[in-house]
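What follows is a set of notes on a single structure, which appears directly below.
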Amino acid sequence: MEERDKRRVGEQIEPGGRPKAPGRLELLQRFINSYNHDFPPDWDRIGTPKKAKAWLRQKQLVASGEDVSDADVTRLRELRESIRALAMANHRGRTPGKAPAEVIRRLSGGAELSVAVDDAGRTTLAATGHGVDGAVATLLGILHEAQLSGDWSRMKGCRKCEYAFFDRSKNRSAAWCAMSICGNRTKNRAYYRRRRTPKG
Ligand SMILES: [Zn+2]
């Protein structure tokens, strides 16, 4: 993949051309994929206050004039990696352990939600706070909705690169972001490992 395309992965491009997660869960998917462990650290879309502010603004998670501090960046990145850890545990037989939940609890102080009702009587969870508190609340609200709908169990972190992808397969068995990228990398390594192991 060309560097120009790699830089679009997680926003405009999905590995292997997979469809994105449905509904608001797509926003949470993009949040997790605001950084890809395979890419250089300075590609982190929320890696500095300026970048994080631009990303959050673009996703309408903060209003104009609301600032993002260094501490906010640390908070958002920790939150992202903890939610990624939960997605990693959506593979069959895995458990996230207590650590990610503890981090999420610690980071979600001040992030509050209320039930909003539109004119047609439809309800949504809406953040009551502003700035990064509001953004964190919205993201956790989406996590909650996806757990209620069952969609969350299909959100997985690639076993190789930890990219968050939505597993639409019937038996929920997808393990990699794209078989053509990480699946083959993993298989090739196993193949060479087998070949190097002397018979005996
Ligand atoms: Zn991958």
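The values are calculated or read from the model by the stated rules, or taken from the named source; none is laboratory data. What you are looking at is a predicted structure, and each value in this text was computed from that prediction instead of being measured. Cβ: placed from backbone, ideal geometry, glycine included. Neighbour counts: every protein chain shown. Surface areas here come from the heavy atoms of the whole protein model, side chains and all, with no ligands, DNA or RNA. Shrake-Rupley method; radii C 1.70, N 1.55, O 1.52, S 1.80 Å.
For the peptides 141-148, 106-113, the ranking by packing is 141-148, 106-113, with the highest mean count of neighbouring Cβ atoms within 10 Å listed first.
DSSP beta bridges fully contained in the chain are about 90 percent antiparallel. Per residue, the chain exposes 56 Å² of solvent-accessible protein surface, assessed with a 1.4 angstrom probe and all protein chains in place. Of the heavy-atom accessible surface of the chain (probe 1.4 angstrom), what whole percent is carbon and sulfur? Answer for the chain is 50 percent, counting heavy atoms of protein chains only.
The radius of gyration of the Cα set in the chain, together with its Dmax, comes out at 18.3, 73 angstrom.
About its Cα centre, the range 14-144 has a charge dipole of approximately 440 debye under the convention of +1 per Lys or Arg Cβ and -1 per Asp or Glu Cβ, with nothing else charged.
Give me the number: length gained by fully extending residue 5 to residue 95, i.e. 0.36 nm times residue separation minus the C-alpha to C-alpha distance, one decimal in nm. Don't skip to the answer; put the middle values down first.
Working: separation 90, 0.36 × 90 = 32.40 nm, distance 3.32 nm.
Computed gain between residue 5 and residue 95 is 29.1 nm.
The residues neighbouring residue 181, those whose beta-carbon lies less than 10 Å from its own, together hold a net charge of +1 under the Lys/Arg +1, Asp/Glu -1 convention. Per residue of the chain, the DSSP helices (runs of n ≥ 4 H) give a summed -39500 (n - 2.57) that works out to -12500 deg cm²/dmol at 222 nm.
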